[in-house]
Amino acid sequence: MSELLEQQMRQLKLGGMAKEWRSIEFHDVEQYVGELLKLELHEREVNRINRMVKSAGFHVLKTLDDFVWSNSIELPVGLTQDYMTDLSFLNAKENLIFMGTVGTGKTHLATAIALKACQEGRRVRFFTAASLANMLLEKNNKGTLNSYLASMKKTELIVIQMVVEGNATRFSPFPLRPPRQRPRGRSSPNAARCCTPRGRWNTASFRPNPSAG
């Protein structure tokens with residue numbers, strides 16, 4: 001009977017219930033049904049977030065818990081760790097630019113911020129500059145570029161990884177829009193940007209850590 005119930009739940013696409021219904025203690029009908037529904041809603045939310053993470057196209061998953069904030073990271077006046085990691089810059093439609101040499105944590109931080117955005121139900125996309133350029137060129141040749149750009153309007157955060165001198169990375173907004181003025185901080189070919197379309201540009205400098213071996 002139990003196997004039949006689970007089979008029927010799966011046929012009704014109630015995967016959360018099918019996996020965990022045995023763990024619910026029965027006290028009364030209302031409580032029992034309510035707990036079952038909570039199981040299913042939780043399962044669907046987890047699956048939705050997993051789909052969003054997958055569709056974002058991350059090459060490697062990095063988390064904020066694993067990121068080490070060091071004194072080598074210089075933030076401009078008005079930009080704080082919390083402002084970046086609690087995603088306040090998204091609500092304000094501002095951009096983050098991470099500048100520095102290879103191996104200083106720019107890609108890790110940008111990816112971790114984007115992953116958190118996914119986990120909070122925000123639409124995110126991660127590209128390399130080369131793959132994005134090739135894809136846009138292909139869609140332009142096929143006459144589907146405008147429809148693709150229109151479909152990207154729902155995306156709240158786009159990360160573009162660009163390999164430049166020294167194998168560093170750069171993150172740019174989408175659509176590709178250069179800042180009206182040079183971002184604050186030292187000019188460098190090695191940079192990382194984690195951005196929303198349009199908005200103010202905030203620059204953080206990542207210097208090599210002298211203690212790194």
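Any read-out appearing in this document is the output of simple, stated calculations on the displayed coordinates, not a laboratory observation. These numbers come from a predicted model, not from an experiment. Methodologically, a virtual Cβ is constructed for each residue, glycine included, from the backbone with ideal geometry; neighbour enumeration extends over all protein chains shown.
Laid out as a table, the results:
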read-out	value
Residues of region 114-142 with amide N under 14 Å of the 7 Å Cα→Cβ point at K19	none
Listed residues Q31, L12, M52: farthest to the positive end of the dipole of region 2-56 (Cβ charges)	M52
Label-to-label distance, nm, for residues given as S55 and H27 (7 Å Cα→Cβ offset)	3.8 nm
Ordering of 24-34, 91-101, 38-48 by burial proxy (mean other Cβ atoms within 10 Å per residue, highest first)	91-101, 38-48, 24-34
Karplus-derived 3J(HN,Hα), 6.51/-1.76/1.60, for each residue of region 3-14, Hz, glycine and proline x	5, 5, 4, 5, 4, 5, 4, 5, 5, 8, 6, 10
Simple spin-label estimate for Q8 and T85 in nanometres, 7 Å along Cα-Cβ	4.9 nm
For G100, residues with placed amide H under 5 Å, excluding near neighbours	N190, A191, A192, F206
Ranked by how many other beta carbons lie within 10 Å on average, peptides 68-79, 119-130 from highest	119-130, 68-79
Per-selection Kirkwood Rh - region 2-56 (Cα, Å, 1 d.p.)	12.0 Å
Amide H partners (placed H, <5 Å) of T203, local residues excluded	I97, R184
Exceeding the 31 Å Cα-Cα cut-off - candidates K19/K106; K54/K139; K13/K106; K106/K153; K62/K153; K13/K116	K19/K106; K13/K106
